[in-house]
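Novice: Dropping the structure in here first, questions after.
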Amino acid sequence: MKELLAKAFPSFSEQTLIMLDQTLGMFAYLAVELTILFLAISYLVGVLQMFITPQRVRQTMSSQNGRGYIIAALLGAITPFCSCSTIPFLKGLLRARAGFGPLLVFLFASPLLNPIVIGLLVVTFGLAVAIFYFSVALIVSVSAGFVLEKLGFERYVRDEAYREVNTSCASKRSCDTSSASGEITQNVQENRWITLWHTTWKDFKQTLPYLLMGISIGAFIYGFVPTQLIVEYAGENKWYAIPIAAVIGIPLYIRASAIIPLSAGLVQKGMALGSVMALIIGSAGASLTEVILLKSIFKMQMIIAFLCVVLGMAITAGYLYSVIF
């Protein structure tokens, strides 16, 4: 490819051509691999969601025994909602009088234990990193939900969050009529597996710009950003890199499908994986948009607690990874 680039850009220096060749190679590799992974995992999650309905989730999470916390985390892992769909779902859980602790576990676990995130971590950083990430997110989510319930944080739920709303997707007619461009509402004779594929492809097209953005930034960093620059400010011996990465992750608001390939480029350039872990958890676990939406459910005290849990999880995971590995 370097020869083709030399012909296309004859004015570029040898060093620039080498960096451009590395950038395009990394972009092609990540684009193909992550596209296949995204489609496969999204389709599998859709199959699971056929059999695990929101009603069943609510019934399970209303359990008063300790298993409700673990079940809430595991259900959160197979129902990867974004912030715009998590908030209405949480309101449904509140109206169904689900346990407050399991509800919070689901709130923390759903974006963090997203199967897309776990799959991308396995492919990008390896199985050990993915297992470490999953374990930390699971343990902290369950612990935080249990502790916050025992501390009585349920009193910081807004009264209006318990009220029924007419725009709820509990009505099949409402959901069907709100489906974009009629792709979800199909002829009754159409095979449901084909319908699921149409939905998966639609989700992929919506995510594709974010995926390409992350891949592009990661590939650019891999090809053009000097290694010594990354090592100097975010290397293994920079104690401040982990908390800064955790704080930056929240306002950064890059989807996990974009932040993980971006992080791959940072790691290749020498950024400590502990800092990368904090960045991923901070960006996946919370966002400014989600915080704004949570104001319709929680009072400020609960929102502050939510942010403290996510930031604490990100920083703890970063330092713990640095110590263990």
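The values are calculated or read from the model by the stated rules, or taken from the named source; none is laboratory data. As the structure is a prediction and not an experimental result, all values here were calculated from the model. Backbone-built Cβ (ideal geometry, glycine too); neighbour counts: all protein chains shown. We work out accessible area using only protein heavy atoms, side chains counted, and drop any ligands, DNA or RNA first. Shrake-Rupley method; radii C 1.70, N 1.55, O 1.52, S 1.80 Å.
Novice: Sort 142-148, 153-159, 241-247, 22-28 for me by packing, meaning the mean count of neighbouring Cβ atoms within 10 Å per residue, highest on top.
Specialist: In decreasing order of mean packing, 142-148, 153-159, 241-247, 22-28 become 241-247, 142-148, 22-28, 153-159.
Novice: For PHE298, enumerate residues with amide H under 5 Å from its amide H, sequence gap 5+ or separate chain, H modeled in the peptide plane.
Specialist: ARG158
Novice: Provide the FRET efficiency to the nearest 0.05 for the MET213-SER296 pair, computing r from the beta carbons and using R0 = 25 Å.
Specialist: Here the calculated transfer efficiency is 0.30.
Novice: Moving on to the next point. With labels modelled as points extended 7 Å from the Cα through the Cβ direction, what inter-label distance (nm, one decimal) is found for PHE204 paired with LYS238?
Specialist: It is 3.6 nm.
Novice: State the extension gain, in nm to one decimal, for the chain segment bounded by GLN15 and LEU74, taking 0.36 nm per residue of separation less the distance between their alpha-carbons. Let's see the in-between values first.
Specialist: Numbers: separation 59, 0.36 × 59 = 21.24 nm, distance 4.87 nm.
Working it through step by step, the gained length comes to 16.4 nm.
Novice: Would you check the accessible area of LEU307, probe 1.4 Å, heavy atoms only, in square angstrom rounded to 10?
Specialist: My reading of the accessible area for LEU307 is about 50 Å².
Novice: Which entries in the list LYS202/LYS295; LYS205/LYS269; LYS238/LYS269 go over 21 Å, if you measure between the two C-alpha atoms of each?
Specialist: Violating the 21 Å limit, Cα to Cα: LYS202/LYS295; LYS205/LYS269.
Novice: Given the Cα-Cα distance of TYR162 and PHE146 and 0.36 nm per residue of separation, how much length would full extension add, in nm? The partial results should precede the final answer.
Specialist: Working: separation 16, 0.36 × 16 = 5.76 nm, distance 2.09 nm.
The span from TYR162 to PHE146 would gain 3.7 nm if fully extended.
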